[in-house]
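Here the structure is laid out as structure tokens; the discussion comes afterwards.
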Amino acid sequence: MSNNNEKDIEQRQAEAEAAEPKQQAAPEAEAPAEESAAAPETGAQETPPGELEKALAAKEDQFLRLAAEYDNFRRRSAREKTEAYAKAKADAALAFLPVYDNLERALQQGSEDQAFLKGVEMTMTQLVQVLESLDIHKIDALGAPFDPNLHNAVMHVEDETLGENVVSQVFQTGFQMGDRVIRFAMVQVAN
């Protein structure tokens, strides 16, 4: 095996020696090419500096516009993602609100069966906790001034014990998520 290794080493040395004269001869042959390559460089230097500065400024402006466009795209994408999540969350909560209404009606009816009533109360409590964990809260309307941004007035009543434009009765509870109204409170307003 050592003979094979020695032969490989000798062969590599011979190849390296054979390649050296070619490398030395190559720079002499390439010398005229270097001179011809130098000539266009002097031609490039003849370009007026003002044009180069204009071209550089145009490229810099193009780069800045591209960077700004990418930054705007990134911000818009993040905002759209956040809005899509909030809309999906609001839509899902809106689908559960009829369940809330039915539980509320069941609690208002009452029952002689205390175990049944306790179960409905626990279910209602859990539903309210889930909605609050999603940042969805009831709109407190009873006794509050009428706000068309939160309330939907379906009836008016003359009541001198209440002030003008005060919610006197709530027919359907409203919900909001942050500042966004998911469902308006259906109310009766005193004139």
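Quick note: the coordinates plus some simple rules give every number you see, no bench work behind them. Everything numeric here is computed off the predicted structure, so don't read it as measured data. Positions of Cβ are backbone-derived with ideal geometry, glycine not excepted, and every protein chain shown enters the neighbour counts.
Between D159 and N191, the built amide H atoms are under 5 Å apart, and every one of these is 5 or more places off in sequence or on another chain. Exposure proxy ranking for R79, R183, based on other Cβ atoms within 10 angstrom of each Cβ and starting from the fewest, stands as R79, R183.
Compute the length gained on full extension between V154 and R75: take 0.36 nm times their separation in residues and subtract their Cα-Cα distance, giving the result in nm to one decimal. The V154-R75 span can extend by a further 24.3 nm. In this Cβ point-charge picture (+1 for Lys and Arg, -1 for Asp and Glu), region 44-128 has a dipole of about 60 debye about its Cα centre. Per-residue Cβ neighbour counts within 10 Å put R180, R74 in the sequence R74, R180, beginning with the fewest.
Charge dipole (Cα centre; +1 on Lys/Arg Cβ, -1 on Asp/Glu Cβ; no other charges) of region 106-191 amounts to roughly 340 debye. Each of the peptides 51-62, 88-99, 163-174 was scored by the mean count of other Cβ atoms within 10 Å over its residues; in descending order, highest first, they stand as 163-174, 88-99, 51-62.
Shown is the FRET efficiency for Q114 and A86, computed with R0 = 35 Å from the Cβ-Cβ distance and rounded to the nearest 0.05: 0.30. Counting 0.36 nm for each residue step from D147 to T125 and taking away their Cα separation leaves a gain of 5.2 nm.
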